[in-house]
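The next block holds one structure in the form of structure tokens; read it before the comments.
Here, each number is a calculation from the coordinates, and none is a lab measurement. This is a predicted model, so every value here is computed, not measured. Methodologically, a virtual Cβ is constructed for each residue, glycine included, from the backbone with ideal geometry; neighbour enumeration extends over all protein chains shown.
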Amino acid sequence: MPPTVYQSRSRTTRRRLLIGGAVVVLMLAGFVVGRMASEPSSAAATPETSVSAGPASAPPSVAAPSASAAPSAPPPPAAPVGTDAYQPIQAEAFADKNGIDVQDTEDAGGGQNVGWINNGDWLRYDQINFGDQPPVQFVARVAVAAQAPGRIEVRMDALDAAPLATLNTTNTGGWQNWRTDVTPMTAVTGVHTVFLTFGNDKPDDFVNVNYFQFTRGEPAS
């Protein structure tokens, strides 16, 4: 059956509506695209300064300057070894002896002296320090009542060593009448054991000794 006039008009109307709708959609799409192109991109916006949510970092710690150590003082000089040979050495301060005894003295300053000294007797003194400069004299404080002369000999480190000094004793007027006698001495340095050996020509006591010392020059009387 051939189409009616009504059906032909209906198709034509629908076709026009579809075409019109498509045009409207295209126009709307163009409008949206234009608006999007005209607005600034959010990426171009000026970024805000980001603030860290964490606590502000503390300034780097600076170690307190250590107190500068004061320069260490030099160690004190070592104490001299032994007994100073150049100071009076009390005769009774011996380390060992043979045939000698000790008594109170009437010499100036008091104290004691050694006595009852006879031929072959001896006294020993340990660690007598002569230092680096040698002595030139042996000095002894003596008292003599014997008429016969005697001698005091100074030996180093052994009883049978050669004497470095020999002091001849003579009468002083009594066993407590004191006199300072002096004799030259062979040079010696360093620390030594000192022996005083005694000799005379008669088997009698012949000398008392209060103290002795060594000197590098003239001794005080």
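Here are the numbers for this structure:
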item: Relative packing of 173-179, 146-152, which averages over residues the other C-beta atoms within 10 Å, highest first; result: 146-152, 173-179
item: Table column - 3J(HN,Hα) (Hz), segment 190-202, Karplus curve with 6.51, -1.76, 1.60, x for Gly and Pro; result: x, 9, 9, 8, 9, 10, 9, 10, 10, x, 8, 9, 10
item: Estimated distance in nm for a label pair at GLN87 and THR183, the labels positioned 7 Å out from Cα along Cα-to-Cβ; result: 2.6
item: Sorted by Cβ density within 10 Å, fewest first, the residues TYR86, TYR211; result: TYR86, TYR211
item: Extension gain, ALA95 back to ALA161 (0.36 nm per residue minus Cα-Cα distance, nm); result: 21.9 nm
item: Dipole magnitude (debye, nearest 20) for segment 83-215, charges at Cβ of Lys, Arg, Asp, Glu; result: 260
item: Under-5 Å amide H pairs with PHE206, H placed in peptide plane, nonlocal only; result: ILE117
item: Proximal charge balance of GLN127 [Cβ under 15 Å; K/R count +1, D/E count -1]; result: -3
item: Radius 12 Å from Cβ of PHE206, net charge of other residues (Lys, Arg +1; Asp, Glu -1); result: -2
